[in-house]
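The block underneath contains the structure these notes are about, expressed in structure tokens.
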């Protein structure tokens, strides 16, 4: 057991950011526990606090800095000895982060993820702040052996790292390096490991999952990977996230349509639908390309659920450009949509573009877009009333005591195949008798805003 003054060293861990960051957090947690450190139930009272940050856009950066500052305040009060900052924020800013957040004891870049134990030991032994930082890696880390912090039955599986696209608004290539695929045999080994540990749902992630295998000179690699996942015992659902539109070809569409475990769900970040704005964003798609793709997907799978993300208020976006985006969204009728107001990120070409949009205009366009999407989502939910569904149960509340037969029925929360965990809406399951990780057959009997009300059959 690792000890300081004959007492076990306790480590508090704060995980922030996207699913890719969650995978990194789970790997670091596994290393920490295997080294003999104790995980603190209350991070604010640990010997060492590790904050795994996000630094993708301004709101995420501010959230990360708030968590770091809170840890520093606990250190000042004597509850914490050392504060270590890891993740995308550390990778993006490196040593200057020590000046922005005074009181941090170590800044740790992404390349040092699997060296977190050495980082903790060196930081505890050091009298001054340390920096573990280098350029983005050209390799891809092994994500096997993770201490899961999400539900056992649903797991993220990273199939690639980095990005080689050069979207004018994005910092990811500078943070995580060029695109590189995890070899198929490693992906499948990890998939089997997760399934053996209780995962019945795997969510495939990467900066651009549809580019998978191209750097390895593998033709149709993603479709092949999905077909091989169909053979993994105990696995029920495979979900594809972050599918770059231009990478969705006929082979992939056929694989999605024909699979029994690959669910009819796609997350396709289109970012915009005005050709002029798309060009300024350095996106290769056109509005017609996106329209044809959506038509092909729905022709192949009438039940496919489509999710997207868009950016409003990009530099130079006129009212007409925004109206064109809004019209496209109303035509496409995405099942789910996430939107961001544009943030000028330092070091990106878009940050230097003329005609930056005032914040109040961005917000007004965002509000209008989300109101339109709300109408679409609510209407789609109403259309599902009466449909039979298979739901994966995520949680179940015990039956309340007394109150009559109906009031005593237990309620669960789960999802049908068209809902991704922690991203989309959910199903509220009435009369739920299943445990988390089990499937139930039900019928949609109503709606509750974005959620579906499901009666277990």
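Please compute P(r) over all alpha-carbon pairs of region 295-435, binned at 10 Å starting from zero, and give each bin as a whole-number percent. Binned Cα distances yield the sequence 10, 29, 26, 19, 12, 4, 0. Note on residue 215 and residue 327: the extension gain reaches 36.7 nm, defined as 0.36 nm multiplied by sequence separation minus the Cα-Cα distance.
Contour minus end-to-end for residue 367 and residue 114, with contour as 0.36 nm per residue of separation and end-to-end as the Cα-Cα distance? Please report the intermediate quantities before stating the final value.
Working: separation 253, 0.36 × 253 = 91.08 nm, distance 4.18 nm.
Taking 0.36 nm per residue and subtracting the Cα distance, the gain is 86.9 nm.
So if I average 1/r over every pair of distinct C-alpha atoms in region 388-456 and take the inverse, what Kirkwood radius in Å does that give?
Numbers: mean 1/r = 0.0841 Å⁻¹.
Here the Kirkwood hydrodynamic radius works out to 11.9 Å.
Bridges between two residues of the chain, per DSSP, are antiparallel at a rate of about 35%. Gyration tensor analysis over the Cα atoms of the chain returns equivalent ellipsoid semi-axes of 35, 30, 23 Å (largest first, whole Å). With neighbours defined as other Cβ atoms within 10 Å of a residue's Cβ, the residues 391, 167 order from fewest to most as 167, 391. Each 10 Å bin from zero holds the following percent of Cα-Cα pairs in region 256-358: 14, 44, 27, 12, 3. Cα centroid separation, region 1-64 to region 213-256: 32 Å.
May I ask you to sort 237, 331 by Cβ crowding, counting other Cβ atoms within 10 Å and putting the fewest first? It would help to have the intermediate numbers written out before the result.
Values: 237 20, 331 11.
In increasing order of surrounding Cβ atoms, one gets 331, 237.
Projected label points at residue 73 and residue 18, each 7 Å from Cα along the beta carbon direction, are separated by 3.0 nanometres. With coordinates expressed along the principal axes, the C-alpha atoms belonging to region 154-383 extend over 53, 44, 30 Å, beginning with the largest. Projecting label points 7 angstrom from Cα along Cα→Cβ for residue 122 and residue 66 puts them 3.2 nm apart. Hull volume per residue, based on the alpha-carbon atoms of region 3-132 and their convex hull, is 93 Å³. Extending 7 Å from the Cα toward the beta-carbon at both residue 423 and residue 443 defines two label points whose distance is 3.1 nm.
No lab work stands behind these numbers, since they all come straight from the coordinates. What you see is a predicted model; the values in this text were computed from it and never measured. Quick reminder, even Gly has a Cβ in these numbers, built from the backbone with ideal geometry, and neighbours come from all protein chains shown.
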